[in-house]
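The values are calculated or read from the model by the stated rules, or taken from the named source; none is laboratory data. Everything quoted here is computed from the prediction, not taken from an experiment. Cβ: placed from backbone, ideal geometry, glycine included. Neighbour counts: every protein chain shown. Surface areas here come from the heavy atoms of the whole protein model, side chains and all, with no ligands, DNA or RNA. Shrake-Rupley method; radii C 1.70, N 1.55, O 1.52, S 1.80 Å.
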Amino acid sequence: MDVIEINLHDNPEEFIKFMGVIKNIKNFFVYSLIRMNECIKQQLTGFEITNNLKFGTVFTDHMLKMEYDRNRGGWQQPEITKFEKLTLHPAAKVLHYATTLFEGMKAFRGVDGKIRLFRPFLNLQRLNKSAEKACLPKVNKYVLLNCIKKLVSVDESFVPFTENYSLYIRPTIIGTDPILGINVSSKALLYVIMSPCGAYFDSGFKPVRLYADPNYVRAWIGGTGDAKIGSNYGPTIHVQQKAENAGCQQVLWLYGPDEQLTEVGSMSIFAHYINDKGEHELLTPPLNGLILPGITRQSILDLAKEWNEFNVVEKNFTMSELIRLHKEKRLLELFGAGTACIICPISEILYRGQIIKIPINSQSNLLYLRFYKTLMDIFYGRISHPWTVEISSEQYTLEI
């Protein structure tokens, strides 16, 4: 008998409301049931943490796949299968027109042994917003979350027992229609792969130097900078190479004639400074279409507003403003934030041939360290928090 597991603790009111609007409950269950095709014992690879574990290089034994076909009623039955290569038609739209989107999530094994996801519904909401921009089909977030939880439980041995390590989860949707032509794909594939990981940067948790060149732009108003789609990332690689050749670890993306700071690599950027009134202020650029609505970004803003100890603003921030604050010794911290790295302090900016040194080593009570510690405490269960979803929490089952 097939069983779908639904966690009522995630958001029971919203789920009940959702169930009430399902017009065809039988089709919903067919779509929801997970077909299992697990590895046999001889195919299991096993996993051990090593000091040189690089981000995105080791993968779990299993993956999730779910096909979409508009002519067959939409999303088909999800399947958890052994980790395997994909087979695509040479004319598949993803290979020619970059019709692809992805998400980045993590599972953490807490100090109590429980495995937790961090704010997964925000990731799945963003996935569907990216799908709108890419003209790819949306997926029911409850069904997908249930599938991801099941996948993590199948490969739970890959969730590291060591702090500062986690299991990175990469849901992806690609357009697979085997027809050349720039139009909406009638077929798609959703798949989820997972990778145990440690520090995102080879340097570990150390301050990085940024490369800021206004000749290069990551996103623009009216574009797709606020979506997590593949075509936003590939074109940035050659600029990243320029940064590395200049002795920098990441690119500081600027926009417009006033050189607004937008993002650091693929991370959100935050500035902590003393404003013109002598008050401490935390700033991050607004969600104006240029910026990806990061989950870590939102979490930092939420924590800062909850603490209510300093001003929190979302507004444009230009290089001229940064330089002025730096010269007046009012710039205290600059840091990036994202799922992969969590928090990334910034020590220097290479800008127009000059080095701007951020005085983080001369500061006490650094905010970035406080945010990092608080988030890590939530990730690993030292703080009980509603942002986390336990994989092992009590389940409500519907039998078909």
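Points to keep in mind about this one:
- Filtered residues of the range 116-135 (kept if open to solvent by 10 Å² or more (accessible area, probe 1.4 Å), touching a strand residue (DSSP E or B) at 6+ places or on another chain (Cβ under 8 Å) and among the aliphatic types (A, V, I, L, M)): 134
- If you go through the range 248-272 and keep only what is open to solvent by 40 Å² or more (accessible area, probe 1.4 Å) and under 15 Å from residue 348 (Cβ atoms), you end up with just 249.
- Under the condition of being in a loop (DSSP other than H, G, I, E, B) and either surrounded by 13 or more Cβ atoms within 10 Å (Cβ to Cβ) or modelled with pLDDT of 95 or more (or both), the residues counted in the range 57-72 number 4.
- Condition met for residue 349 (surrounded by fewer than 19 Cβ atoms within 10 Å (Cβ to Cβ) and not in a loop (DSSP other than H, G, I, E, B)): no
- The set of residues in the range 288-299 that are open to solvent by 20 Å² or more (accessible area, probe 1.4 Å) and touching a helix residue (DSSP H, G or I) at 6+ places or on another chain (Cβ under 9 Å) comprises 293, 298.
- Restricting the range 381-400 to residues that are part of a loop (DSSP other than H, G, I, E, B) and open to solvent by 70 Å² or more (accessible area, probe 1.4 Å), the residue that is modelled with the lowest pLDDT: 400
To keep it simple, each residue is scored yes or no on (1) in contact with a Phe, Trp or Tyr (Cβ under 7 Å, 6 or more places away or on another chain); (2) within 28 Å of residue 104 (Cα to Cα); (3) open to solvent by 20 Å² or more (accessible area, probe 1.4 Å).
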| site | (1), (2), (3) |
| --- | --- |
| 321 | no, no, yes |
| 345 | yes, yes, no |
| 354 | no, no, yes |
| 358 | no, no, no |
